[in-house]
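Note sheet for the following structure.
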Amino acid sequence: LASSAASDVYKRQMVVKSNNMEKQVRSELKGGKGDIHFLNCVSKDTIPNCRLLSYMTIPPEGSIGEHEHVEETECYVIKSGKGVVIDNGKKIDISAGDVVITGNGDVHSVINTENEDLEILAFIVLN
């Protein structure tokens, strides 16, 4: 669906079917490596104070570069795969079932360190 058509679907329905979700590919996100695939569950104006609710797939050797969150909090729920999060300069191994929380003013990046996709449910809420 085109963005405006997808937005209309989100506004009218309590349930958003996966075939109505917008797919997006972002290359070298935040200075990282590879193509990050997004499946945007809802548009950013669907849920109050929620800027992002998306499934992200980071390919082997792919990454999202270091970036800061200002006046927002980002949460990753690791669905599958393994990787490393660099949280304010500290490397932390992540795997399926882990939750990563990056608060206001914090800096992080994520790296897929394995030979399989790293799949994440990500959401960003405004503080």
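The values are calculated or read from the model by the stated rules, or taken from the named source; none is laboratory data. Model, not experiment: these values are computed from the prediction. So basically every Cβ, Gly included, is an ideal-geometry build from the backbone, and we count neighbours across all protein chains shown. For accessibility, only protein heavy atoms count, side chains too; no ligands or nucleic acids. Shrake-Rupley method; radii C 1.70, N 1.55, O 1.52, S 1.80 Å.
Carbon-plus-sulfur fraction of the accessible area of the chain, 1.4 Å probe, in percent?
The computed percentage sits at 48.
Per residue, what accessible area does the chain have, given a 1.4 Å probe and all protein chains present, in Å²?
On a per-residue basis, the chain sits at 58 Å².
Considering Cα pairs under 8 angstrom that are at least six residues apart, work out the relative contact order of the chain and quote it in whole percent. Numbers along the way, then the final one.
Working: 335 pairs, mean separation 32.6, N = 127.
The value is 26 percent.
Just to be sure I understand: if I project the alpha-carbon convex hull of the chain onto a plane and average over all orientations, what area do I get in nm²?
Numbers: hull surface 30.1 nm².
The number I arrive at for the chain is 7.5 nm².
Which of the trypsin sites (Lys or Arg not before Pro) across segment 43-125 are loop residues per DSSP, with 16 or fewer other Cβ within 10 Å?
Details: sites: 44, 51, 79, 82, 90, 91; in loops: 44.
Loop-located and lightly packed - 44.
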